[in-house]
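The values are calculated or read from the model by the stated rules, or taken from the named source; none is laboratory data. These numbers were taken from a predicted model, which means no experiment stands behind them. Virtual Cβ from ideal backbone geometry, glycine too; neighbours counted across all protein chains shown.
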């Protein structure tokens with residue numbers, strides 16, 4: 001199994017934190033998730049997050065530098081955890097792409113108000129969040145396994161991985177804007193996966209993806 005991509009340089013990776021630092025970061029993240037779901041990002045202050053987490057406000061600024069960076073770090077952590085779950089459940093290859101939409105939808109509905117609060121952060125602070133790097137690691141690994149097995153013909157793994165990232169994020173953002181109903185979110189995500197992979201799929205995978213795309217399109221048109 002490939003090693004997970006390193007966390008961004010907002011705070012040292014979890015594995016090298018002391019127990020006290022780890023416990024503090026967990027409190028900060030729990031407070032951030034709770035307050036984002038309740039208030040949204042615009043109305044939320046670092047002072048309130050610090051009070052809820054039981055840390056000094058200057059501690060938040062020392063660790064994260066700004067509210068935007070704290071939100072970006074939290075969005076990345078939550079998203080990366082979900083994508084890692086898809087990797088663990090589906091493995092490499094097509095299993096990852098089969099599992100990913102269900103995991104993303106389940107995580108979204110686990111805390112829908114939090115997911116709606118995170119959606120604009122994923123777009124407005126995309127460079128800071130760095131989700132394309134996460135997808136390049138996990139989706140890229142799956143694509144390499146599929147290429148080695150003769151299922152896809154992909155030269156630019158990074159490009160296709162980023163396309164998948166854009167489609168997954170874009171679909172969740174449309175859901176957050178209530179342009180996609182809850183019951184259709186997973187189907188939209190599955191259709192997006194098919195649409196990205198189809199141009200690169202070799203037989204017999206191309207026929208399978210084409211039939212799946214038809215099925216998802218029919219379901220969404222009802």
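Can you name every one of the helices (runs of 4 or more DSSP H) wholly within the range 77-185 that holds 3 or more residues which are touching a helix residue (DSSP H, G or I) at 6+ places or on another chain (Cβ under 9 Å) and within 25 Å of residue 202 (Cα to Cα)?
94-110, 131-148, 157-176
For residue 187, indicate whether it is modelled with pLDDT of 95 or more, closer than 18 Å to residue 115 by Cβ and buried (at least 21 other Cβ atoms within 10 Å of the Cβ).
In short, no.
Just to be sure, is residue 59 part of a helix (DSSP H, G or I) and more than 18 Å from residue 28 (Cβ to Cβ)?
No; evaluated as a whole, the condition is false for this residue.
In the list 142, 158, 126, which residue meets the criterion of being at pLDDT below 95 and assigned by TED's automatic domain parsing to the domain that holds residue 85?
On inspection, the qualifying residue turns out to be 126.
Return the only residue of 23, 77 being more than 30 Å from residue 212 (Cα to Cα) and without any contact (Cβ under 8 Å) to a residue 12 or more places away in the chain.
Of the residues listed, the single one that is more than 30 Å from residue 212 (Cα to Cα) and without any contact (Cβ under 8 Å) to a residue 12 or more places away in the chain is 23.
Tell me, please, whether a residue that is touching a strand residue (DSSP E or B) at 6+ places or on another chain (Cβ under 6 Å), more than 19 Å from residue 79 (Cα to Cα) and assigned by TED's automatic domain parsing to the domain that holds residue 113 can be found in the range 193-201.
Within the range 193-201 (the criterion being touching a strand residue (DSSP E or B) at 6+ places or on another chain (Cβ under 6 Å), more than 19 Å from residue 79 (Cα to Cα) and assigned by TED's automatic domain parsing to the domain that holds residue 113), the answer is yes, since at least one residue qualifies.
The conditions are (1) crowded, with 17+ Cβ neighbours inside 10 Å; (2) more than 21 Å from residue 122 (Cβ to Cβ), and residue 180 fails exactly one of them. Which is it?
(2) is the only condition that residue 180 fails.
(1) within 10 Å of the chain's Cα centre (by Cα); (2) at pLDDT 95 or above; (3) under 27 Å from residue 65 (Cα atoms): which one isn't true of residue 137, the others all being true?
All conditions pass for residue 137, except number (1).
Looking at the range 26-47, which of its residues are within 15 Å of residue 75 (Cβ to Cβ) and in contact (Cβ under 8 Å) with a residue 24 or more places away in the chain?
28, 29, 32, 33, 36, 37, 40, 41
For the range 191-222, what are the residues that are under 16 Å from residue 143 (Cα atoms) and assigned to a helix (DSSP H, G or I)?
Once the filter is applied, which keeps residues that are under 16 Å from residue 143 (Cα atoms) and assigned to a helix (DSSP H, G or I), the range 191-222 yields 192, 193, 194, 195, 196, 197, 198, 199, 200, 205, 206, 209.
Every residue in the range 36-56 that is crowded, with 16+ Cβ neighbours inside 10 Å and part of a loop (DSSP other than H, G, I, E, B), please.
Hits for the range 36-56 are 41, 44, 55.
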